[in-house]
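Bear in mind these aren't lab numbers, they're just calculated from the coordinates by the rules spelled out. Since we're looking at a predicted model, the values are computed, not measured. A quick note on method: Cβ atoms are made from the backbone with ideal geometry, for glycine too, and the neighbour counts reach across all protein chains shown.
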Amino acid sequence: MAGIGVRLNRIFSQKSIVADMVGFAYSMMVTVAPMFLVILNILLMGWVLGFGRIGYAQRELFSCTVLYIFIFALLTASPFNAVLSKYMSDIIYEERYQDILPCYYLGMLFNIVLSCLFGIPFCLWEHFVGQVPVFYVFLGFCGYISLALVFYSMLYLSICKDYGKISLFFFLGMLVAFLLSLLMCFVFHWSITVSMLFSLTVGFFVTACLELAVVKRYFQKNSNQYKPVLRYFKKYWKLVLTNLLYTLGLYIHNFVFWCTDMRLVVVDSFICCQPYDMASCLAMFTNISATIIFIAHVEMHFHDKYKAYSEAVIGGKWADIVNTKRQMFRQLGAELMNLVRVQFIISVSVYLLCMVLLPRIGFSGMVMHIYPCLAAGYFILFLMYSTILFLYYFDDLTGAVLSSLGFCLVTLLGSILSTHLPERWYGLGVVLGSFFGWTIAYLRLRRIEKNMDAHIFCRDTLIQRGSGLRPSSKVYDRSEARADAAAER
């Protein structure tokens with residue numbers, strides 16, 4: 001996240017309504033714009049090509065293919081992002097830029113291998129059992145791998161603080177996809193779904209290639225040192241587990257409802273639950289602004305307090321350490337409360353608009369019955385994730401793992417329970433899981449605040465750890481000291 005704050009401070013320092021709007025637009029551009037670009041492009045392609053006029057089976061096959069591409073591309077990328085981000089930050093701090101390309105190539109290999117372990121068996125099943133044409137299956141698999149590479153390369157551009165280029169590359173990729181879909185459908189007379197899937201795949205691949213080109217331009221030297229990257233996976237396995245559990249928790253409640261009687265099975269391969277999945281999507285969009293607010297405020301306020309405390313620990317007086325610590329935690333509490341207040345106002349406003357407008361454009365029935373509880377759950381979920389990020393600041397990886405684990409397990413159990421409740425309570429699993437994970441993360445932050453001095457000054461040892469004979473535990477012998485003193489006389 002570091003790096004956005006300088007530009008945001010410059011924008012908001014003008015203290016005008018226009019500056020506030022520009023700052024909010026910039027925050028949105030560097031956080032959620034890529035996702036909106038993809039959604040907008042799919043809707044635009046569907047409207048121009050006449051997606052709504054084709055058969056129901058073809059529409060559902062395309063929709064499920066895109067849904068699975070996004071969900072499982074995120075899931076397979078999640079185990080690597082956090083630990084590779086930590087490794088990248090450390091070697092950039094140490095100015096060992098030649099070690100970045102080995103990290104990039106090794107992480108890409110792991111990501112592709114893991115993606116193929118899940119993707120290839122599913123594609124074989126889709127073709128041989130679901131009787132889906134080979135070309136369509138191959139396009140879906142290529143789109144899945146391309147999007148996984150896009151998510152993976154985004155990590156490196158984020159570390160390099162090149163957020164604007166991420167949105168630019170997504171825009172260029174989706175522009176290519178839109179124009180290509182027109183060419184395939186109206187010139188070469190491909191079917192609408194094949195044209196859209198082929199175009200999206202090419203768009204994701206173009207985005208991934210542009211991101212790779214920038215990474216290669218930034219870091220041209222290659223040290224071929226791959227073992228340090230592997231050691232980081234061993235040392236920071238908690239980061240791997242935290243990110244995996246959090247991402248799994250985002251979708252595990254959907255997986256539960258995919259196993260109920262409400263599920264829809266497409267070509268004996270894809271499983272979904274349309275009312276619940278749509279309600280989840282609406283609930284996420286209702287609270288997505290929390291990500292923007294958190295990044296903007298933390299970058300503008302908390303990061304400076306954290307930096308001041310770190311500088312005091314390195315070379316300041318004890319009074320400076322105490323004062324900066326107090327200011328840092330005061331700012332942390334203020335940012336969390338401010339996030340709750342602002343996001344609550346936004347979420348309630350968006351919720352009321354959705355309840356009034358969505359039934360007029362076709363969203364009604366079970367979707368609108370499920371939506372309120374899920375909207376409350378996602379509100380708490382984004383607050384929980386913000387608290388986990390604060391745990392990263394203080395290197396409390398154990399607390400982050402416990403929070404993510406609690407969130408994932410309670411969401412799973414709560415979702416199983418909610419399948420036996422009325423429709424209005426189907427989102428109860430997300431509410432319970434998010435609140436449980438947030439509670440653990442908050443208690444860990446309170447624990448860190450009370451034991452901050454021990455957390456900072458008493459974690460290392462005087463003797464460096466290593467293999468070999470254990471040093472003697474005797475540090476002083478009175479008789480030998482007297483003998484030495486007598487010999488000196």
(request) Determine the sum of side-chain charges near TYR251: Lys and Arg each +1, Asp and Glu each -1, restricted to other residues whose C-beta is under 15 angstrom from that of TYR251. (result) 0
(message) Quick check for you: which residues of the range 211-250 have the amide N under 12 Å from the point 7 Å beyond the Cα of TYR105 toward its beta carbon?
(response) 221-227
(request) Please compute the net charge surrounding LEU101, taking Lys and Arg as +1 and Asp and Glu as -1 over other residues with Cβ under 12 Å from its Cβ. (result) +3
(message) Students often check this: by mean Cβ neighbours within 10 Å, which of 46-58, 395-407 ranks highest, and how do the rest follow?
(response) 395-407, 46-58
(message) Let me check I have the definition right: for the range 44-148, take the eigenvalues of the Cα gyration tensor, multiply each by 5, take square roots. What are those semi-axes in whole Å, largest first?
(response) 36, 16, 10
(request) Pairs to check: LYS227/LYS450; LYS234/LYS325; LYS238/LYS307; LYS227/LYS307; LYS86/LYS216. Give those whose C-alpha atoms are more than 27 Å from each other in this structure. (result) LYS227/LYS450; LYS234/LYS325; LYS227/LYS307
